[in-house]
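Q: Supplied in structure tokens, the structure appears directly below.
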Amino acid sequence: MATIKIYDNLEEAQRTVLQRRTMTTVDDVPEVVLDGIRRIFGEALTPQAAVARMLADVRERGDAALRDWTARIDGLTLDAFEVPQEAWKAAYEALDPELREALEFSAERIRDFHARQPIPSWTTDEMGGILGQRITPIRRAGVYVPGGTAPLPSSLLMTAIPARVAGVDEVIVCTPPSKPDGQANDMILAAAYIVGVDRLYRIGGALAVAAMAFGTDSVPRADKIVGAGGLFTTLAKQQVYGTVGLDGLAGPTETVVVADDSADPAWVASDLLAQAEHDVLATAILFTPSRALAEAVRDEVTRQMATLSRRDILERSLPGQSGIVLTPDMETAARLADDFAPEHLCLSVRDPEALSERIRNAGGFFMGETSCEVLGDYVAGPSHIMPTGGTARFASPVNVLDFVKISSIVALDAKTSAELAVVADRIARAESLTAHAAAARQRAGAD
């Protein structure tokens, strides 16, 4: 049975397990993906070219293109894409009562967390007139919810609820049709009912992104698209950026655990496995200076994964891009974690607060062993849609600010306007923008 490797040599770790792969610069495309492209398109194409072809077709032909590509990709003939709200309610009522209660409890915590996020408009009269910023919600948010091997109703909660809290006028959802009947997943429908989104469509992957970016007769055009997906979803988001706003480009999910010798090896192993089971490209890394802990965690990974249902995925993700990296000290572990800028950073150490002060880059800090990343996935409160692929260096988890925009307010009084116009005139003339300079001089009374 494949298991997780211990790296004694930092240089080897940095050449291998700490090297990043992104979903938007695809060099080593799995053969199964290329085979699928050849089957669907009738020729060999890169994933980027395949996505570009679908996007162009949906932009040109709208619903007709959506139907044709859904038939080619999924083998499904869909007369209608929208799932009526009565079906959401029926799915909600048919849901196992304990699961329904769990989703409702999670939704309430997510709502409560995001309702506390400050996003105030503001003005000042201390700069000559009124200056400030006006915060307004976007009109329509498009949410993509994966529905593949592991349908994720939690992802609908984590994206649609912050949009609702922000005051977005309309929230639409796209999720893939489930085989073989072509219906959307019942758990996702139930989650849509709990949140109270406006419309839901059974459209998957790049087609969903195209529909929400360009609009069709069935699907209204969104102002911004949020939510993670697979390779084709991410490539589609990359290609429509500028036509529509995006939350970011999600890559394979990742967790970094930094642990000292106080950590429980069984708990650390379970946290690594929980992330690695997502898909074969998932990353789970442990940094620790303790060889005893490293070996105990490796043994626990082997023991625990034998009991797990997604062992076939774990046997590829663990030896593929996961690992245990031995470091000379905790300072080095913190530096490596900061350089990696992980989506999830779990600090299984005696003093997580002190260690966190050494680290700038992480989508989320999970402080101490009782604050495990799995709780963040479902019920802690913050959105689990977090920056991946090292983008935590500059990006943030999905939050209320993703669904609002800032407009500057400029309402100068006459005296300040005249004073500022003199300065503006000088700068405009230096830039050879004579019309700018002339407009400024009129306000300054120079003309």
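Q: Mind ranking 204-213, 138-147 by how tightly packed they are, going by the mean number of other C-beta atoms within 10 angstrom, highest first?
A: 204-213, 138-147
Q: With n ≥ 4 as the cut-off for DSSP H runs, can you work out [θ] at 222 nm for the chain, using -39500 (n - 2.57) per run divided by the number of residues, rounded to the nearest 500?
A: Rounded to the nearest 500, it is -14000 deg cm²/dmol.
Q: Using per-residue counts of other Cβ atoms within 10 Å, averaged over each peptide, order 113-124, 55-66, 166-177 from highest down.
A: Numbers: 113-124: 12.5, 55-66: 17.8, 166-177: 22.8.
Descending mean neighbour count gives 166-177, 55-66, 113-124.
Q: Over the alpha carbons of the chain, what is the largest minus smallest coordinate on each principal axis, giving the biggest first in Å?
A: Largest to smallest, the principal-axis extents are 83, 59, 47 Å.
Q: What ranking, highest mean first, results for peptides 350-357, 239-246 when packing means the other Cβ atoms within 10 Å averaged over each residue?
A: 239-246, 350-357
Q: Still on this structure, I have one more. Connecting C-alpha atoms closer than 10 Å in a GNM of the chain, tell me which of Thr136, Thr283, Thr391 has the biggest fluctuation.
A: For the chain, modelled as a Gaussian network with Cα springs under 10 Å, the answer is Thr136.
Q: I've got another one for you. Amide H of Tyr7: which non-local residues (sequence gap of 5 or more, or other chain) have their own amide H closer than 5 Å, using H built in the peptide plane?
A: When sequence neighbours closer than 5 places are left aside, the close amide H contacts are Ile324, Val325, Leu326.
Q: Of the candidates Ala421, Ala282, Ala191, which one comes out as most mobile in a Gaussian network treatment of the chain with C-alpha springs shorter than 10 Å?
A: Looking only at Ala421, Ala282, Ala191, the largest GNM fluctuation is found for Ala421.
Q: Enumerate the lysines that Lys89 could reach by cross-link, defined here as Cα to Cα under 29 Å, with residues fewer than 8 away along the same chain left out.
A: Output for Lys89: Lys179, Lys224.
No value in this document is a laboratory result; all are computed from the given coordinates. This is a predicted model, so every value here is computed, not measured. Glycine also receives a Cβ, built like all others from the backbone with ideal geometry; neighbour counts cover every protein chain displayed.
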